[in-house]
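The structure appears below as structure tokens.
Here, each number is a calculation from the coordinates, and none is a lab measurement. Bear in mind that the values here come from a model prediction, so they are computed numbers and not experimental data. Cβ sites come from the backbone with ideal geometry, for glycine too, and all protein chains shown count toward neighbours.
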């Protein structure tokens, strides 16, 4: 592993080209990631939350950026949901490695409205809707067969019916206080641009690599 390394030469991130708001730059980079064939899911992000003694991380999918918030959906009774109930502070990271870029968003999460969660749930494929009922996410289960049995139960229960959103499932929105853009550069002298929200406005500074 110690001999694995790559020199980054694809792009640069300079102050002369920066927009005033970080969401404009995020939108441009996200569009680039969507068009990159080597990035399977541009909206995949690593969500990190904290519990009493440690940090947990997992991949979730970004589903919207609106009103200066990043939105994702999950099971509210999962580990991540329980941790966000106790500590709303979290981080999301977009690892767009194929473009030698990453974006880190630091902020606080809160639940979106029940109506918004229901509207998104109703737009999901039926299999995904069923899955939200089947899985008691993060809870122990004795076997795969037991999980498949739960699937069979709910397939029969909701056969040819409109599937309602379970109460334990819904969305979060993260209100960022910092958004850091990282662009790989040669000789490990990468570009790091940090937008930070202070006194009601976004400011920007460069960080050393």
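Restricting the calculation to Cα atoms, every distinct pair contributes to the Kirkwood radius of the chain, found to be 19.3 Å. Against the longest principal axis of the chain, how steep is helix 22-35, in degrees 0 to 90 to the nearest 10, with axes from Cα atoms? Tilt relative to the chain: about 70 degrees. For the options 49, 91, 77, a Gaussian network treatment of the chain with springs between C-alpha atoms closer than 10 Å singles out 77 as fluctuating the most.
Taking all Cα pairs closer than 8 Å and separated by 6 or more residues, the relative contact order of the stretch 164-209 comes to 28 percent.
What's the whole-number percent of alpha carbon pairs in the stretch 1-61 lying beyond 16 angstrom? The calculated P(r) of the stretch 1-61 puts 69 percent of pairs beyond 16 Å. One equal scatterer on each Cα of the stretch 49-123, no solvent, Debye formula: the resulting log10 I(q)/I(0) at q = 0.26 Å⁻¹ is -1.41. Helix 144-157 axis versus longest C-alpha principal axis of the chain: approximately 70°, rounded to the nearest ten. When the chain is treated as a Gaussian network with alpha carbon springs shorter than 10 Å, the biggest mean-square fluctuation among 50, 134, 103 belongs to 134. For the stretch 40-125, relative contact order (Cα pairs under 8 Å, six or more residues apart, normalised by length) works out to 26 percent.
Tell me, how many Å apart are the Cα centres for the stretch 1-31 and for the stretch 183-209? That distance is 10 Å. In the stretch 1-106, the C-alpha radius of gyration followed by the widest Cα-Cα span (Dmax) gives 15.8, 45 angstrom.
For the options 102, 115, 129, a Gaussian network treatment of the chain with springs between C-alpha atoms closer than 10 Å singles out 115 as fluctuating the most. Remark: the residue 28-residue 111 segment gains 27.2 nm on full extension, using 0.36 nm per residue and subtracting the alpha carbon distance. For the pair residue 5 and residue 87 in one chain, pulling the backbone fully straight at 0.36 nm per residue adds 25.9 nm over the alpha carbon distance. Ranking of 114, 145 by neighbouring Cβ atoms within 10 Å, starting from the fewest: 145, 114. The largest-to-smallest principal axis extents of the Cα set in the stretch 112-209 are 57, 34, 22 Å. Could you tell me the relative contact order of the chain? Use alpha-carbon pairs under 8 Å, at least six residues apart, and round to a whole percent. About 25 percent, as a whole number. From its DSSP helices (H runs of at least four residues, each -39,500 (n - 2.57)), the chain gives a residue-normalised ellipticity at 222 nm of -8000 deg cm²/dmol.
Computed from Cα positions, the angle between helix 114-123 and the longest principal axis of the chain comes to roughly 80 degrees.
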